[in-house]
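Report on the following structure.
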Amino acid sequence: MAELRSHLFPGDDREAVAFALCGRHRGREADVLLVQEVLPIPHADCRVRERDRVTWSTDALEGALSRAASSGLGVVKFHSHPRGCARFSELDDRSDRDLFESVYGWIDDEGPHASIVITADGFMFGRTIDSEGGFEPLDRILLADDDIELHAQRFEGMIPAHAERHAQLFGERTTNVLRRLSVGVVGCSGTGSFVIEMLARLGVRELVLVDPDRVEYRNLNRIVGATSVDAALNKLKVDVLGAQVARMGLGTRVLPVPFELASREAVQALGGCDVVFGCMDSHAGRLALNRLASFYVQPYFDCGVGLRGDGAGGVEDVAVASHYVQPGRSTLLGRGVVRQQRAEAEAMARADPDRYRALRSEKYIEGVEVDSPAVVSINALAASLVVNELLARLHPFRLEPNDRAASVRLNVVGMDLDLEPEGDERPLRRALGRGDVEPPLDMSHLSGRG
């Protein structure tokens, strides 16, 4: 994003233009354009660059439009308003209708395609353009970088009473941003239930809850809001947590998704979220969420808990961690948070239990821990750490810049806090913004074909 802003505002107080090729997500309520690649139009190639006008030759776009047509991609035009005008001008209207008539003629699809304006103070607004030249305002524009920005044309009315004391610390803007967010939470047990509780009380607009499991007596010690009645009735965790959020009466909408993460239903539901939290122990699941973040250009917050006892009542280690994963940037695998061998063992244990047991007995693979220690107060601490990481990305308040805190680890035994900076690796760069593809996430077991 820094490169795009630098191109659009070169310091000469004149408009500039760039384009983006985008993957798509066909959501439950709206289509989403997911930026894959930004293509700046060189300033020298523009026919006119003035304070309120920019024109260029569409010849510069032929290659990009061919790629968009062959791959089903969307096109977004970015241009600057260096004088700060926060609305489309009549010149913009004519320019967009002319340009996107050509785009629809070249690509021959139903869209959507879009036009976005960035003002000198960083504000962004935009609209879709249909094949008839009609305009519709974009609901929101999300930028997932070291900091997270959300730009929206409309924020809902006054701050409600339950959010007033949040606004006293973070201000109306951040409080209103939370009220627009759709957040996915994968894993609704010990840590996930606390994450859900906090996000709902922070006032997020929507929670998409993914977990196929049901409440059992043995996990009543750590699921917020779960009761012995829920366990007796064998209720789904997503339904119990959804009811818990509904009882708050704060207006957060819940979409329960009682499926495994490795399912088409879960990927489709999560694809439309603005932000995703992972609250699961599975290394395979955390790798899949890392992949999802790049395909759907989503900030991903991974929550980790590590407890180890000596088997005789002694505590050897207690640690919690949050990991912020940016789309297309460093991965949990590269940071050493998860291991490929462990993920493969988990997949085998699920898909072919007999072979898994045989290989494990022969020590060809490591064992997958089925039941690990779980302590409600540590789960709450981990949830608090990762939810506060979201707040720090939406409203940077730490002394350290956010690129210094890709991972935050707290060792409770030694009371040591450790920050790990964002790395340079980009192994999922090619997955960035691909959106809805077949099979989903390029994972063959999600093909849905027998």
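List of remarks:
- Scanning segment 385-411 for residues that are of a type outside the set (A, V, I, L, M, F, W, C) and over 24 Å from Ile196 (Cα atoms) yields a total of 4.
- Residue that is within 13 Å of Leu289 (Cα to Cα), out of contact with any strand residue (DSSP E or B) (no Cβ under 8 Å at 6 or more places or on another chain), open to solvent by less than 10 Å² (accessible area, probe 1.4 Å) and at pLDDT 90 or above, where the choices are Val325, Val338: Val338
- Ser407 passes every criterion in (1) open to solvent by less than 70 Å² (accessible area, probe 1.4 Å); (2) closer than 29 Å to Glu316 by Cβ; (3) out of contact with any Pro (no Cβ under 9 Å at 6 or more places or on another chain) apart from (3).
This table checks each residue for (1) hydrophobic (A, V, I, L, M, F, W, C); (2) at pLDDT below 95.
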{"position": "Lys363", "(1), (2)": "no, yes"}
{"position": "Glu369", "(1), (2)": "no, yes"}
{"position": "Ala380", "(1), (2)": "yes, no"}
{"position": "Leu390", "(1), (2)": "yes, no"}
{"position": "Arg393", "(1), (2)": "no, no"}
{"position": "Ser407", "(1), (2)": "no, no"}
{"position": "Leu410", "(1), (2)": "yes, no"}
{"position": "Ser444", "(1), (2)": "no, yes"}
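- Looking across segment 210-237, the residues that are assigned to a loop (DSSP other than H, G, I, E, B), of a type outside the set (Gly, Ala, Ser) and either open to solvent by 40 Å² or more (accessible area, probe 1.4 Å) or within 12 Å of Ile196 (Cα to Cα) (or both) come down to Pro212, Asp213, Glu216, Leu220, Asn221, Arg222, Ile223, Val224, Thr227, Leu233, Asn234, Lys235.
- Looking only at residues of segment 419-441 that are in contact (Cβ under 8 Å) with a residue 12 or more places away in the chain and among the charged types (D, E, K, R), we find that the one that is nearest to Ala262 (Cα to Cα) is Asp436.
- Among the residues of segment 56-68, the ones that are surrounded by fewer than 17 Cβ atoms within 10 Å (Cβ to Cβ) and more than 27 Å from the chain's Cα centre (by Cα) come to 7 in all.
- Within segment 79-96, being assigned to a helix (DSSP H, G or I) and surrounded by 15 or more Cβ atoms within 10 Å (Cβ to Cβ) holds for Asp92, Asp93, Ser95, Asp96.
- Selected residue (only one of Gly285, Gly313 is closer than 26 Å to Met415 by Cα and out of contact with any Lys or Arg (no Cβ under 7 Å at 6 or more places or on another chain)): Gly313
- Residue match in segment 54-73 (condition: free of Cβ contacts under 8 Å to residues at least 12 places away in the same chain and under 20 Å from Arg14 (Cα atoms)): no
- For segment 56-109, the set of residues classified as in contact with an Asp or Glu (Cβ under 6 Å, 6 or more places away or on another chain) and among the hydroxyl-bearing types (Ser, Thr, Tyr) consists of Ser80 only.
- Scan of segment 271-287 for residues that are touching a strand residue (DSSP E or B) at 6+ places or on another chain (Cβ under 9 Å) and at pLDDT 90 or above, ordered by number: Gly271, Gly272, Cys273, Asp274, Val275, Val276, Phe277, Gly278, Cys279, Met280, Gly285, Arg286
- Positions within segment 118-127 being more than 23 Å from the chain's Cα centre (by Cα) and assigned to a strand (DSSP E or B), in sequence order: Thr119
The values are calculated or read from the model by the stated rules, or taken from the named source; none is laboratory data. Everything quoted here is computed from the prediction, not taken from an experiment. All Cβ positions, even for glycine, are placed from backbone atoms using ideal geometry, and neighbour counts span all protein chains on display. Calculation scope for accessible area: heavy atoms of the full protein, side chains included, ligands and nucleic acids excluded. Shrake-Rupley method; radii C 1.70, N 1.55, O 1.52, S 1.80 Å.
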